[in-house]
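Single-structure report; data block below.
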Amino acid sequence: MRIIAIANQKGGVGKTTVTMQLGAALSRRYRVLVVDVDRQRSTVWWAENVRERLPFDFSGDQNPRVLARLRELRVEYDFVLVDTPGNLEDTPVLETVLDAADYAVVPLTPEPLAVEPTMRTITRLIEPRHVPYAVLLNRIDGRIRSQLPVWQSLLDTTWGVPRFDAYLRQFKSQSDAPVLGQLVTTLRDNRRTAGVISDVTRVGYEMSAQVAPAQVQPAVGGRW
Ligand SMILES: Nc1ncnc2c1ncn2[C@@H]1O[C@H](COP(=O)(O)OP(=O)(O)OP(=O)(O)O)[C@@H](O)[C@H]1O
Ligand SMILES: [Mg+2]
């Protein structure tokens, strides 16, 4: 089981979007649990709108200590994705999640004002815990040609932080998805939705290549 925190103390950068869509993409090949520890409960609301087409298990348990408990219980998930709060008041919640996490995905929108809170999340909360992480660029505007290379090079050179090669572009079908109860696994693939589906699928592949689910361990003294 690999616990993946979707974390950034900057609000509105796409944590909930990444948690739900990445959970759906990974559920095509893996056993996935999505946990919402944000009291805004956006993930819960989205999941309720998807209803029976939800392709992963879901827990709206607000207590982040549930994660340590999942490990003790040795529950059978390959990936547990955790949507976390994007505000400073809930820092203790995020800290508890990061204490339990194997990896952190840090969504970042290409806005100057998002940079400082993102770097603070990385340097104050993620790096001190030695949790491997990567920044995921989100809401890239396909019409602005220089935007992607400029932000990639800022991450690589100026700030020197790891990032996903894959990124998510800005799409209306992405912002409509929560209210319509859609996920990449429920969207019909057409001209309007193809970009969202391919972007999220690429992030899913890169994620599972970086964080392979744990090998099944034989129980002590037990059998395979
Ligand atoms: N790639 C995208 N294309 C279009 N809209 C997007 C995209 N990513 C996120 N959004 C929209 O941006 C808004 C913020 O996204 P989201 O709620 O996922 O961010 P968040 O980090 O979870 O916010 P909070 O910190 O408040 O929990 C939402 O309205 C969402 O639909
Ligand atoms: Mg959110």
| Given the structure, is V37 more than 20 Å from T186 (Cα to Cα) and within 11 Å of ligand 2 (Cβ to nearest atom)? | yes
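Conditions (1) on the phi > 0 side of the Ramachandran plot; (2) in contact (Cβ under 8 Å) with a residue 40 or more places away in the chain; (3) among the aromatic types (F, W, Y); (4) open to solvent by less than 20 Å² (accessible area, probe 1.4 Å), marked per residue:
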position	(1), (2), (3), (4)
T43	no, yes, no, yes
F56	no, no, yes, yes
N63	no, no, no, no
A68	no, no, no, no
R71	no, yes, no, no
Y77	no, yes, yes, no
| query | Which residue pairs have Cβ atoms closer than 6 Å, lie 6 or more positions apart in sequence or on different chains, and pair a first residue in region 82-99 that is closer than 16 Å to I4 by Cβ with a second residue that is within 14 Å of ligand 2 (Cβ to nearest atom) and polar (S, T, N, Q)? | reply | D83/T16; D83/T19; D83/T43; L94/T84; V97/T84
| message | Looking at I197, I126, I144 in this structure, which one is loosely packed, with under 14 Cβ neighbours inside 10 Å and aliphatic (A, V, I, L, M)? | response | I144
| query | Scanning region 13-33 for residues that are in contact with an Asp or Glu (Cβ under 7 Å, 6 or more places away or on another chain) and within 14 Å of ligand 1 (Cβ to nearest atom), which turns out most open to solvent (accessible area, probe 1.4 Å)? | reply | T16
| request: Spot the failing condition for P149; the list is (1) open to solvent by less than 50 Å² (accessible area, probe 1.4 Å); (2) more than 18 Å from L81 (Cα to Cα), and only one is missed. | output: (1)
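For (1) aromatic (F, W, Y); (2) within 16 Å of ligand 1 (Cβ to nearest atom); (3) under 21 Å from T201 (Cβ atoms), each residue gets a yes or a no:
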residue: N8; (1), (2), (3): no, yes, no
residue: G11; (1), (2), (3): no, yes, no
residue: D36; (1), (2), (3): no, yes, no
residue: W45; (1), (2), (3): yes, yes, no
residue: S59; (1), (2), (3): no, no, no
residue: E72; (1), (2), (3): no, no, no
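Looking at S27, is it of a type in the set (S, T, Y) and in contact with a Phe, Trp or Tyr (Cβ under 8 Å, 6 or more places away or on another chain)? Before you say what the answer is, go through the steps one by one.
Numbers: of a type in the set (S, T, Y): yes; in contact with a Phe, Trp or Tyr (Cβ under 8 Å, 6 or more places away or on another chain): yes.
Spelling it out, S27 is indeed of a type in the set (S, T, Y) and in contact with a Phe, Trp or Tyr (Cβ under 8 Å, 6 or more places away or on another chain).
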| said: Out of the residues in region 100-139 meeting the condition of being basic (K, R) and in contact (Cβ under 8 Å) with a residue 40 or more places away in the chain, tell me which one is nearest to P85 (Cα to Cα). | reply: R120
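Against the definition (crowded, with 16+ Cβ neighbours inside 10 Å, more than 15 Å from the chain's Cα centre (by Cα), within 17 Å of K10 (Cα to Cα) and away from ligand 2 (no atom under 16 Å from the Cβ)), how does P110 come out, yes or no?
When the stated conditions are applied, P110 passes them.
The values are calculated or read from the model by the stated rules, or taken from the named source; none is laboratory data. On a predicted model such as this, the values are computed, not experimentally measured, just so you know. Here the Cβ is made from the backbone with ideal geometry for all residues, glycine too, and neighbour counts use every protein chain on show. Side chains included, ligands, DNA and RNA excluded: accessible areas come from the protein's heavy atoms. Shrake-Rupley method; radii C 1.70, N 1.55, O 1.52, S 1.80 Å.
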